[in-house]
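K.L.:
This is the structure I want to talk about, given as structure tokens.
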Amino acid sequence: MVKKISAKEFHEAEASKAAVVDFSASWCMPCGMLAPVLEEVSEDMAGKMDFFNVDIDEAPDLATRFGVASIPCLVVLKDGEKIDQSVGFLPKEALTEFIEKNM
Amino acid sequence: MERYDIAIIGTGPAGLSAAITAKIRNKNILLIGSKTLSPKVEKAHTIQNYLGMPEVSGAELQTAFTDHLADSQIEITEDKIHAIYAMGAYFMLQGSGANYEASSVILATGVSAGRLYEGEEQFLGRGVSYCATCDAALYKGKSAAIVGFSPKEEAEAEFMAEIADKVLYFPMYKDEVQFSEENTKDKIEVIREVPVSVEGSMKAERLVTRDNSYDVDGVFFLRESVSPAQLVPGLKMNGNHIEVTRNMATNIAGCFACGDIVGTPYQYIKSAGEGNVAALAAVSYLDQKKRAQK
């Protein structure tokens, strides 16, 4: 499951040992396309990785903090530290590969 | 939304040949391109090695292709596809005019001569983007440089200026540029200079032209056609070409490619042959998928 969180709830992602944060926005077409694919991947990886979604319009400070310059942007966090990012839509296989290499 | 069996992008010899073969195999197809087919065919002086048509001119070949399409009752949808998303079970195609869904896709868009600017790829997604309307909201209170390759990109600059503080517009065409929207025209500065590179550290910080350097928060390159890797996110490339197997299959299941876009030699008859292979491979992919569902 990809959990939608606000800026105030972001500590949940930071507290996670391994998390993927999907920075997106309601008006962004590729974000809307990526969401169902990420949902599928999150089911496949349940228990191994936590998945979160942050709306950059509601949390602009977080977007700036993580250097999000284009969306959708997937940020991989390890104990709250950013270790990698991927920008743009990815098909399921490539998305799985990107996350697995950061596990 | 109607879901086509096969969406074919491109109306050069590869795309047309794929469309005709797919139609013969009774597939519900969507052919996207131009009713004038392909400028590369139309403008060819003479073609000497197109089987059965010795010394044919480009214009004659274009007419023959058009007649063949009419005979096969194939319609061309005139639209520009900005992005194709592999959703797993199907593909979502985002066009200028509409969005489309298809179970498989054949890419036959030809090679674009367009060259990337220095730093463009390096900062892609980190301040460099190809869609101003997509990323505009990130530029609230910021500045952006927009390099527009056709007058229709002026609308994108105006959209950006509604949100950003400052927009520098670099027209890459000769037509006069006139921004008239009352609420945005003062925010847009038109600069007739030739961009050379994008520079920065963590992210793009400035656009360098032959004469000057401009500090901006983002740079947008709005071209007539996007590169295949931009068109289909996740697509595996081999240099400027799409990597394909002998069956014209790309690394994405259900997505095939043919013609100049997959590599040299750039020959009309080679493209037509590959279009045929791609269509038959797509048909077999659809059959297998259907069987798996049963």
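The values are calculated or read from the model by the stated rules, or taken from the named source; none is laboratory data. What you are looking at is a predicted structure, and each value in this text was computed from that prediction instead of being measured. As a convention, Cβ positions derive from the backbone with ideal geometry for all residues, glycine included, and neighbour counts pool all protein chains shown.
K.L.:
Has region B:79-97 got at least one residue that is in contact with a helix residue (DSSP H, G or I) (Cβ under 8 Å, 6 or more places away or on another chain) and more than 12 Å from chain A (Cβ to nearest Cβ)?
P.N.:
yes
K.L.:
What are the residues in region B:166-208 that are of a type in the set (Gly, Ala, Ser) and within 20 Å of B:LEU124 (Cα to Cα), if any?
P.N.:
Scanning region B:166-208 gives B:SER197, B:GLY200, B:SER201, B:ALA204.
K.L.:
Further question on the same structure: For region B:161-179, state whether one or more residues are more than 25 Å from B:GLN230 (Cα to Cα), assigned to a loop (DSSP other than H, G, I, E, B), among the aromatic types (Phe, Trp, Tyr) and assigned by TED's automatic domain parsing to the domain that holds B:MET202.
P.N.:
Checking region B:161-179: at least one residue is more than 25 Å from B:GLN230 (Cα to Cα), assigned to a loop (DSSP other than H, G, I, E, B), among the aromatic types (Phe, Trp, Tyr) and assigned by TED's automatic domain parsing to the domain that holds B:MET202.
K.L.:
Quickly run through region A:28-66 and pick out the residues that are free of Cβ contacts under 8 Å to residues at least 12 places away in the same chain and either facing chain B (nearest Cβ under 10 Å) or surrounded by 14 or more Cβ atoms within 10 Å (Cβ to Cβ) (or both).
P.N.:
Of everything in region A:28-66, those that are free of Cβ contacts under 8 Å to residues at least 12 places away in the same chain and either facing chain B (nearest Cβ under 10 Å) or surrounded by 14 or more Cβ atoms within 10 Å (Cβ to Cβ) (or both) turn out to be A:MET29, A:GLY32, A:PRO36, A:PRO60, A:THR64.
K.L.:
For region B:112-121, give me each residue that is within 14 Å of chain A (Cβ to nearest Cβ) and loosely packed, with under 15 Cβ neighbours inside 10 Å.
P.N.:
B:GLU121
K.L.:
Let me ask you something else. Say we look at region B:237-269 and pick out the residues that are in contact (Cβ under 8 Å) with a residue 40 or more places away in the chain and either closer than 19 Å to B:LEU116 by Cβ or in a helix (DSSP H, G or I) (or both); which of these is nearest to the chain's Cα centre (by Cα)?
P.N.:
B:ILE261
K.L.:
Please work out which one of (1) among the aliphatic types (A, V, I, L, M); (2) without any contact (Cβ under 8 Å) to a residue 12 or more places away in the chain; (3) over 30 Å from B:ASN251 (Cα atoms) is the condition B:ALA229 fails and give its number.
P.N.:
(3)
K.L.:
Follow-up question, since we're still on this one. Taking region B:195-220, which residues are among the hydrophobic types (A, V, I, L, M, F, W, C), within 14 Å of another protein chain (Cβ to nearest Cβ) and assigned to a strand (DSSP E or B)?
P.N.:
Correct list: B:VAL198, B:ALA204, B:VAL219, B:PHE220.
K.L.:
Among the residues that make up region B:150-161, is at least one of them under 16 Å from the mean Cα position of the chain (by Cα), crowded, with 18+ Cβ neighbours inside 10 Å and within 14 Å of another protein chain (Cβ to nearest Cβ)?
P.N.:
The answer is no; no qualifying residue exists.
K.L.:
I've got another one for you. Step by step: first the residues of region B:122-141, then only those that are part of a helix (DSSP H, G or I) and at the interface with chain A (Cβ under 8 Å from one of its Cβ atoms), then the one that is nearest to B:VAL219 (Cα to Cα). Which residue is that?
P.N.:
The selected residue is B:ASP135.
K.L.:
Something else now. Just to verify a result, which residue in region B:85-97, among those that are part of a strand (DSSP E or B) and closer than 26 Å to B:ASP287 by Cα, is modelled with the lowest pLDDT?
P.N.:
B:GLN94
K.L.:
In region A:67-81, what count of residues is obtained for those that are within 12 Å of another protein chain (Cβ to nearest Cβ), of a type outside the set (S, T, N, Q) and without any contact (Cβ under 8 Å) to a residue 24 or more places away in the chain?
P.N.:
Residues flagged as within 12 Å of another protein chain (Cβ to nearest Cβ), of a type outside the set (S, T, N, Q) and without any contact (Cβ under 8 Å) to a residue 24 or more places away in the chain within region A:67-81 amount to 2.
K.L.:
Restricting attention to region B:245-283, and to residues there that are in contact with a helix residue (DSSP H, G or I) (Cβ under 8 Å, 6 or more places away or on another chain) and of a type in the set (Ser, Thr, Tyr), which single residue is farthest from the other protein chains (Cβ to nearest Cβ)?
P.N.:
Restricting to residues being in contact with a helix residue (DSSP H, G or I) (Cβ under 8 Å, 6 or more places away or on another chain) and of a type in the set (Ser, Thr, Tyr), the top hit is B:TYR268.
Okay, residues lined up against (1) without any contact (Cβ under 8 Å) to a residue 60 or more places away in the chain; (2) among the β-branched types (Val, Ile, Thr); (3) crowded, with 19+ Cβ neighbours inside 10 Å:
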residue: B:PHE91; (1), (2), (3): no, no, yes
residue: B:GLY110; (1), (2), (3): no, no, yes
residue: B:ILE146; (1), (2), (3): no, yes, yes
residue: B:TYR173; (1), (2), (3): yes, no, no
residue: B:GLU181; (1), (2), (3): yes, no, no
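K.L.:
Here is a check on your reading of the model: is A:ILE99 within 11 Å of chain B (Cβ to nearest Cβ), of a type in the set (A, V, I, L, M, F, W, C) and either touching a helix residue (DSSP H, G or I) at 6+ places or on another chain (Cβ under 8 Å) or not in a helix (DSSP H, G or I) (or both)?
P.N.:
No; evaluated as a whole, the condition is false for this residue.
K.L.:
Looking at region B:98-111 only, could you name the residues that are more than 10 Å from chain A (Cβ to nearest Cβ) and either part of a strand (DSSP E or B) or closer than 18 Å to B:VAL244 by Cβ (or both)?
P.N.:
B:TYR100, B:GLU101, B:ALA102, B:SER103, B:SER104, B:VAL105, B:ILE106, B:LEU107, B:ALA108, B:THR109, B:GLY110, B:VAL111, listed by residue number.
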